[in-house]
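Coordinate-derived values only; no laboratory data. No experiment lies behind these values; they were computed from the predicted model shown. Cβ placement follows ideal geometry from the backbone for every residue including glycine, while neighbour counts extend to all protein chains displayed.
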Amino acid sequence: MTSETSTEDCLGWAARDTSGVLSPYNFSRRAVGSDDVSITITHCGICYADVIWTRNKIGDSKYPLVPGHEIVGIVKEIGPNVGRFKVGDRVGVGTYVNSCRDCEYCNDGLENYCAKGSVFTFNAIDADGTITKGGYSSYIVVHERQVYILRSKTQKSMFTLHKIK
């Protein structure tokens with residue numbers, strides 16, 4: 001299942017300037033590609049990196065900026081080449097959403113060392129030229145290599161991240 005077009009159907013919380021104050025923001029996600037997973041976000045952690053970038057402390061913030069890179073959610077759509085996930089799976093996403101997928105590092109499953117540069121979950125330029133928006137939003141589209149399945153260890157909902165190669 002893939003989307004042909006994208007609409008401003010994603011609701012996020014964005015910083016609009018260096019105050020770092022977050023406010024509601026509607027935007028478009030990139031269309032789901034052949035190897036992508038679209039995830040309805042149910043939870044997103046808070047990290048000091050979110051504060052740093054919303055307040056432009058490093059000097060490269062691209063506003064409006066939707067932070068969040070500690071994401072948990074439910075798969076809502078998959079591209080036709082995705083075989084490791086199915087709609088309804090509980091998954092996690094971390095600091096990256098994409099990479100070149102063709103360099104020696106990516107081929108060894110070390111996308112965080114991508115020779116051409118991994119694509120951060122927010123405040124980065126994705127393969128389609130759009131600026132990535134993070135997990136303080138209703139859903140996200142991620143290349144399947146950057147998605148982690150969450151498996152229940154007990155009935156008490158203790159989860160462990162497992163990298164899928």
Here the FRET efficiency for I58 versus S152, based on Cβ atoms and R0 = 25 Å and rounded to 0.05, is 0.10
Which parts of segment 137-151 would a label at D9 reach, counting a residue when its backbone N lies under 20 Å from a point 7 Å out along Cα-to-Cβ?
137-144
Could you compute the FRET efficiency for R90 and N26, with r as their C-beta to C-beta distance and R0 at 30 Å, rounded to 0.05?
0.70
Given (1) 21.2, 66; (2) 15.4, 45; (3) 15.3, 48, the label whose value is Rg and Dmax of the Cα atoms in Å derived from this model:
(2)
Tally of Lys pairs whose C-alpha atoms are under 28 Å apart, taken over segment 34-165, 8 or more apart or cross-chain
24
